[in-house]
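Each remark here refers to the structure printed beneath this line.
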Amino acid sequence: MIRVQNLVKYYGPTLAVDHLDLDVEAGQVVGILGPNGAGKSTTIRILTAFMPPTAGSASVNGHDVLTDSDAVRRSIGYLPESTPLYPEMRVREQLHYFGRLHGLDRTARNRRIGELTEACGLEAILARPIGHLSKGNKQRVGLAQAMLHDPPVLVLDEPTAGLDPTQITEVRKLILRLAESKTILLSTHILPEVEKTCQRVVIINRGRVVAQGEPEELKQRVRSASRVVVDVKAPVEQVKAAFEKIQSVQDVEAYNDQGWTLAAVTARDNVDIREILADAIVENRWSFREMTYETASLEEYFIQITSAANIEAA
Ligand code: ADP
């Protein structure tokens with residue numbers, strides 16, 4: 001549905017997108033994740049036929065962004081980071097206004113606005129002036145506006161930026177609901193966004209794809225991923241020696257904590273070592289206060305992968 005090949009974009013001497021490839025199949029929700037300046041907005045501006053690439057190609061719904069830009073725009077509902085909304089207009093008026101811009105006649109507009117009111121949960125706010133709405137509700141209106149011409153693809157730029165936690169949850173739910181009938185590409189610099197809403201994540205840094213996969217798959221790739229912290233009553237050296245003997249243990253860091261030993265044990269290859277550690281504790285007849293399991297977050301992976309790429313490029 002979206003296909004980007006070898007995309008390059010220079011702004012003057014600045015290389016913003018560096019031979020980027022991206023494929024989004026119909027029906028997928030894909031997240032472009034990257035730190036500020038990574039090239040997310042530039043890629044989106046090219047995909048929405050807002051500006052041409054320096055080299056490479058991009059197409060949406062089979063239409064090339066350079067040679068068939070009108071068809072590309074018709075295929076995409078675009079929610080920019082700040083949606084153009086008129087504060088003095090009421091929600092219904094604004095939707096009619098943009099519906100007219102899309103060339104919809106009154107009957108078509110009424111039908112479409114009715115459908116979108118339902119899909120985006122706008123019933124309660126249709127008659128309210130946009131300026132009086134919360135940011136979360138403005139984002140719902142923005143999404144409805146982006147879908148007036150019923151495009152198969154939605155492109156959302158940082159869709160939950162600036163929202164409070166309740167609004168974030170609601171907008172994410174709405175995105176997931178829209179995903180039942182649309183192909184969605186969203187950009188974000190925050191991880192929970194992709195963990196919560198995307199089936200696939202493409203991590204970009206300095207204009208290049210540095211990793212991609214399902215959120216779960218990416219998590220698995222984090223080196224020395226899971227770690228168990230235990231608090232046992234035994235001398236530090238004994239605890240360290242006993243845990244280090246275990247084959248699936250990669251590393252043990254242990255400290256004395258007022259007669260107790262606090263040991264942080266890292267497993268090899270993501271193995272869950274809680275049971276093995278519990279067996280060792282029982283075998284040694286140590287008293288034990290606490291065991292906590294820490295799994296690697298996608299955030300750690302993201303930091304690892306983007307900083308590695310930065311070092312390489314430096
Ligand atoms: P992101 O959306 O991931 O934050 P951008 O696509 O906005 O990244 O920016 C990628 C790179 O291109 C950055 O180095 C940025 O400074 C540069 N850039 C973006 N827009 C322009 C512009 N209009 N003129 C010059 N440089 C730009």
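With a 1.4 Å probe and all protein chains left in place, how much of the accessible area of the range 144-198 comes from carbon and sulfur atoms, in whole percent? Of all accessible area on the range 144-198, carbon and sulfur atoms account for 53 percent.
Taking every alpha-carbon pair under 8 Å whose residues sit at least 6 apart, the chain reaches a relative contact order of 19 percent. Based on Cα contacts under 8 Å between residues 6+ apart, the range 51-141 shows a relative contact order of 27 percent. Dividing the convex hull volume of the alpha-carbon atoms in the range 226-295 by its residue count gives 69 Å³ per residue.
The accessible-area ordering, largest first, of the residues ARG285, ARG73 stands as ARG285, ARG73, per a 1.4 angstrom probe.
By a 1.4 Å probe calculation restricted to protein chains, TYR11 has an accessible surface near 90 Å², given to the nearest 10. For the chain, modelled as a GNM whose springs connect Cα atoms under 10 angstrom apart, the maximal fluctuation among SER75, SER134, SER187 occurs at SER134. DSSP bridge analysis restricted to the chain gives an antiparallel fraction near 70%, rounded to the nearest 5. By a 1.4 Å probe calculation restricted to protein chains, HIS132 has an accessible surface near 140 Å², given to the nearest 10. For VAL282, the solvent-accessible surface with a 1.4 Å probe is about 110 Å², rounded to the nearest 10. Counting only lysines at least 8 places from LYS138 when in the same chain, those with an alpha carbon closer than 30 Å to its own are LYS40, LYS173, LYS182, LYS196.
Taking one equal scatterer on every alpha-carbon of the chain, how large is log10 of I(q)/I(0) by Debye at q = 0.10, 0.13, 0.14, 0.15 1/Å? Log10 I(q)/I(0), no solvent term: -0.68, -0.93, -1.01, -1.11. Here the dipole of the range 2-220 is about 540 debye; that uses its Cα centre as origin and unit charges on the Cβ of Lys and Arg (positive) and Asp and Glu (negative). Residues in the chain average 50 Å² of solvent-accessible surface per residue, probe 1.4 Å, ligands and nucleic acids excluded. The residues neighbouring ALA264, those whose beta-carbon lies less than 9 Å from its own, together hold a net charge of -2 under the Lys/Arg +1, Asp/Glu -1 convention. Helix 91-101 and the longest principal axis of the C-alpha atoms of the chain enclose an angle of approximately 60°. Ordered by 1.4 Å accessible area with all protein chains kept, PHE243, PHE302, PHE288 run largest first as PHE288, PHE302, PHE243. Dividing the mean sequence gap of close Cα pairs (under 8 Å, 6+ apart) by how many residues the range 1-157 holds gives a relative contact order of 24 percent.
The values are calculated or read from the model by the stated rules, or taken from the named source; none is laboratory data. None of these values were measured; they are calculated from a predicted model. Neighbour counts run over all protein chains shown; Cβ positions are idealised from the backbone, glycine included. All accessible areas refer to the heavy atoms of the entire protein, side chains included, with ligands and DNA or RNA removed. Shrake-Rupley method; radii C 1.70, N 1.55, O 1.52, S 1.80 Å.
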